[in-house]
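One structure is given here, and the rest of the page talks about it.
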Amino acid sequence: MSAFHLWVAFVGPPEAYVMRGTHLAFALVLAFLVMPGLTGRAERPGWFGWALVLAAAACALYASANLEYIRNRMYYVDDPVVADYVFGGGLILLLIEATRRATGWALPATAIVFAAYGLTLGGQSPGIMLDQLYLTTEGIFGIPLYVSATYVMLFILFGAFVERSGAGQLFMDFALALAGHTSGGPAKVAVITSSLFGTVSGSAVANVMTTGTFTIPLMKRSGYRPAFSGAVEAVASTGGQLMPPIMGAAAFVMAEFLGVSYLKVAAFALLPAVLYYLAVFMAVHFEARRIGLKGLPKADLPRLKQVLTERGHLFLPLVIIIGVLLSGRSAAFAALVGTLSVVPTTWLRASTRHTFTPQVVLQALEAGARNTIVVALACACAGIVIGTITLTGLGLSFTGVVLALSQNSLILALLLTMLAGILLGMGLPTTPAYIVQVALLVPALVKLGVAVEAAHLFVLYFAVLSAITPPVAMAVYAANGLSGAGLMDSSWAAVKLGLTGYIIPFMFVFAPSLLLIGEPLNVALATLTAVVGVTCLAGSLHEYFFLGKARPWERVLLFVAALVLIKPGWATDLLGLALIAITLASQRWVRRPEPSAETA
């Protein structure tokens, strides 16, 4: 599977049905071979398992094998033949079962509900539904599967190679050298490491399990509560899907929906992602100062110069990808070049020269394919939902419902969208959760005057943040396994830490300049006020500001300052700055002694 996608990226993609059908066939076959079946554990397939494998391959490749027939028939006019029903119906059933194995019941159940709606309340005949979902590129073989086949697979492969190059140790040592000695150094190391690792991981849970095994015990040893330690790692890892240059799979789908290059989407996401990590960084800094935690001894930390000398060259593949994207080449070509550059990059220093043996290369290729299975199946299954919504006009009806419930109030519409995004994200992987929202919720926001780029990024943020939102907070669950903290304590700490992440989407809806849209002066002003605002919010939530502990009424002032700085405009900006000045003046006049680490 990996070799096929690398070859296609090198020579150019075949016809749409061939590319998408082959990609889906690989994912289905591997799902039935390596994913747990009805027993809940992966087993060597018996005769029934092999029958599923052969049936899945045949159903996924049927359209590719009958291209002339597919091209010449008039969809929605010509009735499907018996073979269409057999292979199309078979693919839908097999896809639902394979997706269940890969992601659980939530997404397959959603697809079943939407397909049933199309056949009943939607008023569509089985033939028309089959046309839409199987015999056109508006359903299973639609944009999400196209993105998975052409972009996402290659970037996942890139991540698999980077992980095995030793870049994970580089990220950790780099963060330790940079921030390990400062107040609350271990927590800042977790934030920096997770942001770096998240750019090549794209999965909050995978990020937690990779970097958290080191950072969480380190934070606990330095004096942070177990719940706070796990929360820091969960919140920092969750932001990886939002951090350019390599975001989660949904970002590539967004580029297709918006009709822009992936580089443009990365540019839209850059400042909000920086604000997200700045807020988490300031939160752990204020928490450390509040309880009197010191940094790690400098003697025990790696030297920045030594880290960059010995392993700094492992940053090169990331730099190469950014350079290729900036040159105007496609994201797929950038991922191909980046992947091919990883192994030669390790040859530049003796310390990493022997990292890649032939066996390690094969392991990276295998890991890339395994990690793609879930994304490919989720995208194909989401195609059932999108195809039904498009065919029945449900999206327009839902837009009307949202507008009616919000009484044409943008704030109410945004709050409804936020809740829907979090609920969808709790049950579905990020990519299908985003895709469903694009069909159901984004049109309503655009109709209320939200910039289309801001609307898309708004729903993506809340699909991502569901990973730290109780009661289904998968990143927090993963971190709890490493921290040993109580679930409610960790969940509350994660919500406090990540609260700024819930506010940032509202900031760029009201100030699209944060998406690098508009005049440079407006962008600079919006960025400055946003930086001040998220810092105030972190200080308010963690009871500390720059000059000492914040008393209750000072925390209220900081919270109000953060909120008014969200809305662009001189009046609100000046009011926010005035509130900050009052808080700092109060702290200056009434000093409080800093607590020692022992008393904390």
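Could you list, in sequence order, the residues of the stretch 297-316 that are hydrophobic (A, V, I, L, M, F, W, C) and either part of a loop (DSSP other than H, G, I, E, B) or surrounded by fewer than 20 Cβ atoms within 10 Å (Cβ to Cβ) (or both)? Within the stretch 297-316, Ala299, Leu301, Leu304, Leu308, Phe315, Leu316 qualify. The conditions of being modelled with pLDDT of 90 or more and outside any helix (DSSP H, G or I) are met by Leu348. Quick one: which residue in Leu445, Leu414 is out of contact with any Cys (no Cβ under 7 Å at 6 or more places or on another chain) and more than 30 Å from Gln124 (Cβ to Cβ)? Only one candidate passes the filter, namely Leu414.
Quick check on my filter: what residues within the stretch 199-227 are part of a helix (DSSP H, G or I), surrounded by 24 or more Cβ atoms within 10 Å (Cβ to Cβ) and over 10 Å from the mean Cα position of the chain (by Cα)? Within the stretch 199-227, Val200, Asn207, Val208, Thr211, Gly212, Thr215, Ile216, Met219 meet the criteria. Could you pull out the residue among Val361, Val342, Val374, Val319 that is β-branched (Val, Ile, Thr) and either farther than 30 Å from Val189 by Cβ or not in a helix (DSSP H, G or I) (or both)? Just one listed residue meets the conditions, Val361.
Of the helices (runs of 4 or more DSSP H) lying entirely inside the stretch 85-186, those carrying at least 1 residues that are polar (S, T, N, Q) and surrounded by fewer than 24 Cβ atoms within 10 Å (Cβ to Cβ) are 106-119, 167-179.
Restricting Met19, Met74 to those that are out of contact with any strand residue (DSSP E or B) (no Cβ under 6 Å at 6 or more places or on another chain) and either within 20 Å of Pro126 (Cβ to Cβ) or not in a helix (DSSP H, G or I) (or both) reduces the list to Met74. Only one of the numbered conditions (1) touching a helix residue (DSSP H, G or I) at 6+ places or on another chain (Cβ under 7 Å); (2) at pLDDT 90 or above; (3) closer than 30 Å to Leu33 by Cβ is violated by Asn371, and that is (2). Is there any pair with a first residue in the stretch 336-364 that is basic (Lys, Arg) and a second that is not in a helix (DSSP H, G or I) whose Cβ atoms are under 6 Å apart and which are 6 or more apart or on different chains, and what are they? So the pair list comes out as Arg353/Trp347. So, in the stretch 356-380, how many residues would count as being in contact with a Phe, Trp or Tyr (Cβ under 9 Å, 6 or more places away or on another chain) and hydroxyl-bearing (Ser, Thr, Tyr)? The qualifying residues number 1.
Yes/no per residue for (1) at pLDDT 90 or above; (2) within 30 Å of Thr339 (Cα to Cα); (3) surrounded by 14 or more Cβ atoms within 10 Å (Cβ to Cβ):
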residue: Leu6; (1), (2), (3): yes, yes, yes
residue: Tyr17; (1), (2), (3): yes, yes, yes
residue: Leu24; (1), (2), (3): yes, yes, yes
residue: Leu28; (1), (2), (3): yes, yes, yes
residue: Met35; (1), (2), (3): no, yes, yes
residue: Glu43; (1), (2), (3): no, no, no
residue: Ala57; (1), (2), (3): yes, yes, yes
residue: Ala60; (1), (2), (3): yes, yes, yes
residue: Val77; (1), (2), (3): no, no, no
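Restricting Tyr477, Tyr502 to those that are assigned to a helix (DSSP H, G or I), among the hydroxyl-bearing types (Ser, Thr, Tyr) and modelled with pLDDT of 85 or more reduces the list to Tyr502.
Any residue in the stretch 227-238 that is touching a Gly at 6+ places or on another chain (Cβ under 9 Å) and under 24 Å from Val324 (Cβ atoms)? Scanning the stretch 227-238 turns up no residue that is touching a Gly at 6+ places or on another chain (Cβ under 9 Å) and under 24 Å from Val324 (Cβ atoms). Candidates are the residues of the stretch 469-492 that are over 18 Å from the mean Cα position of the chain (by Cα) and surrounded by 22 or more Cβ atoms within 10 Å (Cβ to Cβ); the one that is nearest to Gly427 (Cα to Cα) is Ser491. When the residues of the stretch 557-571 are filtered to those that are under 32 Å from the mean Cα position of the chain (by Cα) and surrounded by fewer than 20 Cβ atoms within 10 Å (Cβ to Cβ), which remaining residue is nearest to Lys496 (Cα to Cα)? Ranking the qualifying residues of the stretch 557-571, first place goes to Phe559.
A Cβ distance below 6 Å, combined with a sequence gap of six or more or placement on separate chains, defines the contacts here; from the stretch 281-303, residues that are aliphatic (A, V, I, L, M) reach residues that are surrounded by 22 or more Cβ atoms within 10 Å (Cβ to Cβ) and not in a helix (DSSP H, G or I) in the pairs Ala283/His542; Val284/Gly184; Ala288/Gly184; Leu293/Gly184; Leu296/Gly180; Leu301/Gly180.
When Val459, Val495 are screened for being assigned to a helix (DSSP H, G or I), at pLDDT 85 or above and surrounded by fewer than 24 Cβ atoms within 10 Å (Cβ to Cβ), only Val495 passes.
Restricting attention to the stretch 324-339, the residues that are of a type outside the set (A, V, I, L, M, F, W, C), outside any loop (DSSP other than H, G, I, E, B) and more than 18 Å from Met243 (Cβ to Cβ) add up to 1.
The values are calculated or read from the model by the stated rules, or taken from the named source; none is laboratory data. Quick caveat: nothing in here was measured; it's all calculated off a predicted structure. Positions of Cβ are generated from backbone atoms using ideal geometry, with glycine treated the same way; all protein chains shown enter the neighbour counts.
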